[in-house]
Structure formats: C-alpha cells, structure tokens
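Worksheet for the structure shown next.
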Amino acid sequence: MIAALVDLNPPGSYLHWGFILISLANFLVIVAMVVLFALAISLPFLRHHRRKAAAAAPAPLPAATGPGATHESGPPTPEEPVDPTLWTSRLRRLWLHFLPPSKLLPDSQPAYVANWIYVFGVLTLAGFLVACASGLVLALEGPIWWHTSSVGHFVNSLHLWSVECFMGFMAIHLWGKFWMAAWRGRRALTWMTGVAAFLVSVFEAFTGYLSQTNFDSQWIAFEAKDAMNAAGIGAFFNTMNFGQALMLHIVFVPLVLVAIIALHILMVRLRGVVPPIDAKPEHLDPALAPTEPVLTEPVAVPTEEALR
C-alpha cells in the first residue's frame, strides 16, 4: 500500500553539457546541498528556552551523620570496592576519568551550538541509520526481489534516497567543520575520523552501485575494473565479482564504517563540540562554566615547615 502511494522509483533523467553527463536526481541533490549549506550559515537558529529550574531549586540538605541519623533520600550508598590489581577496575577508573557520564550523555550544550550548521552531524547520523535499516530489509529478501516487487521497489528507493541524504548531509557537515577549523583544541583525531568516515562511505556507495544487479551496475563494473587494475588492486578487488562486491557492501565495509563513526562520536563527546573561531567566553553556556574562580596571579603555597 505504501509503495502504491509513494513512487520513489521513476525512470532516470540525465543532463548533458559537453563532456559532463549527470543524472537529474544527482544534480538536484548537489544543488540542494549547496542551498542547505548557505542557509545553515546564514539563517538564525530556532529560539530555545534555557532551563532555569536547576538554578531556582533549593540546595540539597546535608547528609545526616551519627549513630541515630536517618537519610531522607534513601539508604546510604556503600562505597564501591576498588581492586587495583584487576584490569576491569583500572579500565573503569580510566574511562570515568576521561569520559564521565556528564560528558558521555550531557544534558546541556554551549550557546554556540544553537546554529544550523551544527545540525548536519545529527542529520548525517539519522540518514546512516535509515540506510542501515532499509539495507537490512533488502538483505533479508536477497539481491533480486526489489526488481519484481512493488514493496521491493519502495524499500530499494528508500535505501537509495537515505544514502543520498547521508552523503549530502555528511558533505555539508564536512564543509562546515573545514571552514570552522574543527581540528582546533586537540581535536585532530576527531577531524581525522570524520574524514575517514567520508572516504569509507564513498567506497561503500561504490560497492552499492555494483550490487544493483542491473545494466547500470554491469556497466560500472566493466568500466571500473580497468581502474582497479591500474591501481594495482585488481587481484584483490574484482569489480566484476558480484558476490565479492555484495559481501563488501553488506558486511565488511558497514562494520568498518560503524566502528569509525562510533569512534568519531566518542571523540566528540570526549573533546566537546568545536566552538566557532570567533567564539567568546561569554558565549559559553553558564551550566558548563567552571564553578571555581579562575586565578589570574600565582599564589604562594606555604611549605610544610611554615605550616608547622
């Protein structure tokens, strides 16, 4: 029923200017990417309300002590035993030191995140999740059924357009972070994992073209085999081997891409979202500001003899 209402599989149309031959769909996607990028850096972000409940809430009562004291908020929590000889204990303490829960799952962000250019990272992740879900459905029925079934046409088209959105949003995200110099502030690994995810996604899209099981994929395979041989990897990656291309597309490359994206998100949580180049200290969210005053002059620390 859904496939009958929404047709995402119309005949292809192409634009031809000199030596440039591009499908109309890809041309419109590129135009939409440029327009979205321009709008993201020019339009004001939606108004957002800051939560003031935490500031207005009364301070918690001090914990009761003594032999007859009771705890109003529940029984006391026993201290967690720590065995420094266990690798799990050392790993847990190391993890909590560099990535505490407040960083891993934050409930507030700096004020400069209220900008459209910061949205495209989440949109890229959303497109990737839809592409993975639709790809799983395609893999359940095999590599042929979407040519003969209306439901297969719909799922195949959903997979195609989710990949188009994924690659488009990722390109806009990459543009924004490049012009923002997102490798600043010890974020080089964050930047490198993002670039690696983009390059692996290009190869994943290429193996997807080879897995279409139509004349388009056959033409691409025959044309690409010469490039693979010229690059010296034709003996390892044969574009005319449909089984190899399909397994790379649905198993190996997605696993590598998931690992890189997970590492990229982990680095974003560890180092924080990169601020704009012209960001000022007052632009930071007060919830993330340090609670202790910043010392501008050196303070003399008394020695042990002076304390005695």
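The values are calculated or read from the model by the stated rules, or taken from the named source; none is laboratory data. Treat the numbers as computed from the prediction; the structure is a model and nothing was measured. All Cβ positions, even for glycine, are placed from backbone atoms using ideal geometry, and neighbour counts span all protein chains on display.
For residues in the range 272-287 being hydrophobic (A, V, I, L, M, F, W, C) and more than 16 Å from S108 (Cα to Cα), which is modelled with the highest pLDDT?
It comes out as I277.
Which of (1) assigned to a helix (DSSP H, G or I); (2) at pLDDT below 95 does L199 not meet, given it meets every other one?
Unmet for L199, out of (1) assigned to a helix (DSSP H, G or I); (2) at pLDDT below 95: (2).
Looking only at helices (runs of 4 or more DSSP H) that lie completely in the range 1-70, which have at least 1 residues being closer than 17 Å to I172 by Cβ, at pLDDT 80 or above and of a type outside the set (D, E, K, R)?
Here the list reads 24-42.
Just to be sure, is H97 exposed (fewer than 11 other Cβ atoms within 10 Å of the Cβ), farther than 23 Å from K177 by Cα and modelled with pLDDT of 75 or more?
Answer is yes for this residue.
Given the criterion surrounded by 21 or more Cβ atoms within 10 Å (Cβ to Cβ) and in a helix (DSSP H, G or I), identify the matching residue among V130, V151, V155, V163.
Among V130, V151, V155, V163, only V155 is surrounded by 21 or more Cβ atoms within 10 Å (Cβ to Cβ) and in a helix (DSSP H, G or I).
Go through the range 230-246 and report how many residues are among the hydrophobic types (A, V, I, L, M, F, W, C), outside any loop (DSSP other than H, G, I, E, B) and surrounded by 16 or more Cβ atoms within 10 Å (Cβ to Cβ).
3
Take T207 and tell me if it is at pLDDT 90 or above, under 25 Å from L129 (Cβ atoms) and either among the polar types (S, T, N, Q) or in contact with a Cys (Cβ under 6 Å, 6 or more places away or on another chain) (or both).
For T207, the condition - at pLDDT 90 or above, under 25 Å from L129 (Cβ atoms) and either among the polar types (S, T, N, Q) or in contact with a Cys (Cβ under 6 Å, 6 or more places away or on another chain) (or both) - is met.
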